[in-house]
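Note sheet for the following structure.
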Amino acid sequence: MRRVVSPGSFDPVTNGHLDIIARAARLYDEVVVAVLINISKRSLFTVDERVEMLRDATAEHSNVRVDKFHGLIVEFCKANDIGAIVKGLRAVSDFDFELQMAQMNYSLAGVETLFMTTNPLYAFLSSSLVKEVAQYGGDVTGLVPPAVALRLRERLGRP
Ligand code: PNS
């Protein structure tokens with residue numbers, strides 16, 4: 001089975017992430033979305049909440065599975081028989097660090113990284129900006145799934 005992993009913090013998942021996941025699901029037998037458990041990084045949503053939102057948002061794809069991981073992504077790949085990582089590239093500014101990580105992951109374990117160009121509709125999107133906009137009462141409709149927009153409003157106290 002040809003399997004690829006889409007790793008990230010997903011705090012929370014955006015329509016940009018979902019676009020990459022859906023496109024990868026057309027290319028691979030299975031896409032495993034892997035949410036990083038990072039206790040040192042402050043997050044708005046718990047890992048389990050992020051997993052739940054991702055499961056809900058990817059439910060229409062029968063070949064997408066959502067999981068969580070800690071430690072190195074290459075170890076998660078080994079444990080799940082995954083040979084490649086898929087990443088979305090929004091702009092040239094993403095490239096330097098992504099290239100470095102891709103080369104590190106290949107050198108550590110021979111895991112390939114495939115870059116997919118982000119849909120221009122979502123090129124400006126990031127979870128951090130979505131949180132900031134939502135925090136100040138801005139409208140995030142169209143940037144995240146409706147269920148995520150609702151959770152943002154609830155979490156940030158803006159019903
Ligand atoms: O959504 P993010 O926070 O930009 O995702 C970053 C992520 C989770 C893909 C990256 O930090 C990662 O793979 N972390 C796991 C730890 C690891 O393997 N580090 C070495 C990568 S070269």
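Within 9 Å of the ligand (Cβ to nearest atom) and either outside any strand (DSSP E or B) or over 16 Å from the mean Cα position of the chain (by Cα) (or both): does that describe Glu60? When the stated conditions are applied, Glu60 does not pass them. Quick one: is Val148 within 23 Å of Asp67 (Cα to Cα), away from the ligand (no atom under 12 Å from the Cβ), modelled with pLDDT of 95 or more and of a type in the set (Val, Ile, Thr)? For Val148, the condition - within 23 Å of Asp67 (Cα to Cα), away from the ligand (no atom under 12 Å from the Cβ), modelled with pLDDT of 95 or more and of a type in the set (Val, Ile, Thr) - is met. Scanning segment 72-104 for residues that are of a type in the set (Lys, Arg) and either away from the ligand (no atom under 13 Å from the Cβ) or over 16 Å from the mean Cα position of the chain (by Cα) (or both) returns a single hit, Lys78. Keeping to segment 25-51, report how many residues are within 14 Å of the ligand (Cβ to nearest atom) and under 21 Å from Thr117 (Cβ atoms). Going through segment 25-51 one residue at a time, the tally reaches 1.
From the list Ala79, Ala57, the one residue that fits, being among the small types (Gly, Ala, Ser) and in contact (Cβ under 8 Å) with a residue 12 or more places away in the chain, is Ala57. Contact map, segment 137-159: first residue on the phi > 0 side of the Ramachandran plot and touching a residue at least 12 places away in the same chain (Cβ under 8 Å), second residue outside any helix (DSSP H, G or I) and surrounded by 13 or more Cβ atoms within 10 Å (Cβ to Cβ), Cβ cut-off under 9 Å, separation 6 or more or different chains; pairs are Gly137/Leu156. Scanning segment 95-133 for residues being in contact with a strand residue (DSSP E or B) (Cβ under 8 Å, 6 or more places away or on another chain) and of a type outside the set (Ser, Thr, Tyr) gives a total of 11.
Residue by residue, here is whether (1) touching a residue at least 40 places away in the same chain (Cβ under 8 Å); (2) crowded, with 17+ Cβ neighbours inside 10 Å; (3) outside any helix (DSSP H, G or I) holds:
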| residue | (1), (2), (3) |
| --- | --- |
| Leu18 | yes, yes, no |
| Asn38 | no, no, yes |
| Ser43 | no, yes, yes |
| Val51 | no, yes, no |
| Val66 | no, yes, yes |
| Gly88 | yes, yes, yes |
| Ser93 | no, no, no |
| Leu99 | no, no, no |
| Leu108 | no, no, no |
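The residues of segment 133-159 that are surrounded by 12 or more Cβ atoms within 10 Å (Cβ to Cβ) and of a type in the set (D, E, K, R), listed by number, are Arg151, Arg153, Arg155, Arg158. Please go through segment 110-128 and pick out each residue that is within 13 Å of the ligand (Cβ to nearest atom), surrounded by fewer than 18 Cβ atoms within 10 Å (Cβ to Cβ) and part of a helix (DSSP H, G or I). Of everything in segment 110-128, just one residue is within 13 Å of the ligand (Cβ to nearest atom), surrounded by fewer than 18 Cβ atoms within 10 Å (Cβ to Cβ) and part of a helix (DSSP H, G or I), namely Ser128. Note on segment 1-19: among residues that are among the hydroxyl-bearing types (Ser, Thr, Tyr) and in contact with a Ser or Thr (Cβ under 8 Å, 6 or more places away or on another chain), the one that is nearest to the ligand (Cβ to nearest atom) is Ser9.
The values are calculated or read from the model by the stated rules, or taken from the named source; none is laboratory data. Every value quoted in this text rests on a predicted model; they were computed, and no experiment measured them. Positions of Cβ are backbone-derived with ideal geometry, glycine not excepted, and every protein chain shown enters the neighbour counts.
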